[in-house]
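Novice: Mind looking over this structure? Questions follow.
The values are calculated or read from the model by the stated rules, or taken from the named source; none is laboratory data. Since the model is a prediction, treat every value here as computed from it, not as a measurement. All Cβ positions, even for glycine, are placed from backbone atoms using ideal geometry, and neighbour counts span all protein chains on display. The protein model used for the area step is the full one, side chains on, heavy atoms only, and it has no ligands, DNA or RNA in it. Shrake-Rupley method; radii C 1.70, N 1.55, O 1.52, S 1.80 Å.
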Amino acid sequence: MSTASKGLEGIVAAETVLSFIDGEKGILEYNGIAINDLAKHSSFEEVAFLMLNKRLPKKPEFEAFITDLRGSYGLSDHTLSLIKSMPTTAQPMHMLRTMVSALAMEDPEPNSIDIPEVRVKAVRILAKAPTIVAAFDRLRRGLDIVSPDPSLSFAANFLYMLNAERPTHTMERAFDACMILHADHGLNASTFTCRVITSTLSDIYSAITGAIGALRGPLHGGANEGVMHMLNEIDSPEEAEQFVMNKLAARDRIMGFGHRVYKSYDPRATYLKTLAEQLATDTGNADLYAKSSAIEKTMAREVASKGIYPNVDFYSATTYHSIGLKLDLFTPMFALSRISGWAGHALEQLDGNRLIRPSADYVGPHNTQYLPIEQR
Ligand code: SDX
């Protein structure tokens, strides 16, 4: 009988000071600070500093950090020509994974594992990823690329490059809050991927490229796009209950619900639910929020007893849609934020590294005779 823990459930594989999750109580803290306090009072740029330095910044170092981050938004001609060479039909997550990998080719020391140098590279990737996504989206829409504006915050600059106009304060704050909420979350699949790659002393570009690959999966970061597809499939809030019941009867997964760790309400979903309701109402998407509420009500009645509640992806879909983002940009948004958490974990992994190499229970035959192909 194998002793393997399927999906490594319950296995502790690292120590971290970046985020703490209490799945039973629905608690998430970044370095001990409640996620709600950070979403309300902090900024994604501050949280990114925390992820890369394991503490919030003091004023002078924060000013230096944002000067460096915002000063790195720009893309080289080589990177821009690569983006222009991409088929406009490429899926944004495949494009982003490819372009982050390509950034390594412009770095004279891509393979450095010196922690301060890796931190510098991480800031570069974090700063350029939004510019890459915005440039690709503009090109596929047949529009001119909008150059980044280093006077704008991470959140405002992305929306500016995407829409060629500065966002309202409300939209900037909403998007910034989404970035804060998605920055880190313990040893989730993409973060674990990042740590495994880093543990071989490979480079930060490979580690983040691998993490993007893991995040794209519909069981992980891809779920927010799955939620939007589901909401588009349901014609009205009145039809939501039957839709959910049919899915459950077919033993299909309802995207945006359930979690390996949370067996209670994901605190990020609590915050995003309020944000989604406010934004949906303000942007004429109240119907989307009404459908989401109806789905949640049915799921609460049917499966809450099994510890299945909304997770971060359920209300982020309505929020991103109300901000005006195209459906296939939802998971890239998750990646833009999570680059900060992945990088933070890569730095933690490098500090006292040991190669991550678990075992597998061999359950196959032994002493099997080799037969030539003619005899098989
Ligand atoms: C993220 O790990 C992280 O921290 C991830 C994340 C982060 O910030 O990095 O929080 C982000 O990835 C959130 C999760 C996004 N994924 C989805 O919304 C996809 C839908 N969710 C499920 O596929 C599922 O809940 C998982 C994958 C998230 C977790 O699955 P587990 O822990 O492997 O649980 P399981 O598949 O073994 O399910 C346990 C039971 C099963 O029922 P039984 O077979 O025991 O009767 O719960 C049921 C499942 O059928 N179940 C669901 C369900 N999720 C679990 N039933 C219906 N709909 C769902 N969404």
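Novice: What residue among SER76, SER264, SER101 has the largest mean-square fluctuation in a Gaussian network model of the chain, using Cα springs under 10 Å?
Specialist: Answer for the Gaussian network model of the chain: SER76.
Novice: Would you mind getting me the FRET efficiency between GLU374 and THR3? Use the beta-carbon distance for r and R0 = 41 Å, nearest 0.05.
Specialist: 0.55
Novice: Can I ask one more? State, to one decimal in nm, how far the label point of ASP37 lies from the label point of LEU201, with both points 7 Å from Cα in the Cβ direction.
Specialist: Placing both labels 7 Å along Cα→Cβ, they lie 4.0 nm apart.
Novice: Here's another thing I want to ask about it. Gain in length, ALA250 to ARG357, computed as 0.36 nm per residue apart minus the alpha-carbon separation, to one decimal in nm?
Specialist: 34.8 nm
Novice: Turning to a different aspect of this structure: I need the phi-derived Karplus couplings for segment 169-176: 6.51 cos²θ - 1.76 cosθ + 1.60, θ = phi - 60°, integer Hz, Gly and Pro marked x.
Specialist: 4, 4, 5, 4, 5, 5, 5, 5
Novice: Using r as the Cβ-Cβ distance of LEU139 and GLU15, and R0 as 45 Å, what FRET efficiency do you calculate, to the nearest 0.05?
Specialist: Plugging the Cβ-Cβ distance into 1/(1 + (r/R0)^6) gives 0.60.
Novice: Quickly work out the GLN91-to-ASP114 label distance, labels modelled 7 Å from Cα along the C-beta direction, and quote it in nm with one decimal.
Specialist: 3.9
Novice: Could you sort 340-348, 29-37, 111-119 so that the peptide with the highest average Cβ count within 10 Å comes first and the rest follow in order?
Specialist: Highest to lowest by the protection proxy: 340-348, 29-37, 111-119.
Novice: Here's a follow-up. What whole-number distance in Å separates the alpha-carbon centres of segment 253-267 and segment 37-107?
Specialist: Result: 28 Å between the Cα centres.
Novice: Divide by every residue of the chain the summed helix terms, -39500 (n - 2.57) for each DSSP H run of at least 4, and state the resulting mean residue ellipticity at 222 nm, rounded to the nearest 500 deg cm²/dmol.
Specialist: Computed mean residue ellipticity for the chain: -18000 deg cm²/dmol.
Novice: Give, in nm to one decimal, the length gained when the segment between THR98 and ASN367 is fully stretched (0.36 nm per residue of separation minus the Cα-Cα distance).
Specialist: That works out to 92.5 nm of additional length.
Novice: Using the structure shown, select from LYS263/LYS326; LYS58/LYS128; LYS54/LYS297; LYS59/LYS121; LYS40/LYS291 the pairs with a Cα to Cα distance greater than 29 angstrom.
Specialist: Too far apart for the 29 Å limit: LYS263/LYS326; LYS54/LYS297.
Novice: By how many nm would the segment from ALA164 to ASP287 grow when fully extended, if each residue of separation counts as 0.36 nm and the alpha-carbon distance is taken off?
Specialist: 41.5 nm
Novice: Given a 1.4 angstrom probe, what's the average accessible area per residue across segment 223-323, in square angstrom?
Specialist: Per-residue accessible area for segment 223-323 comes out at 45 Å².
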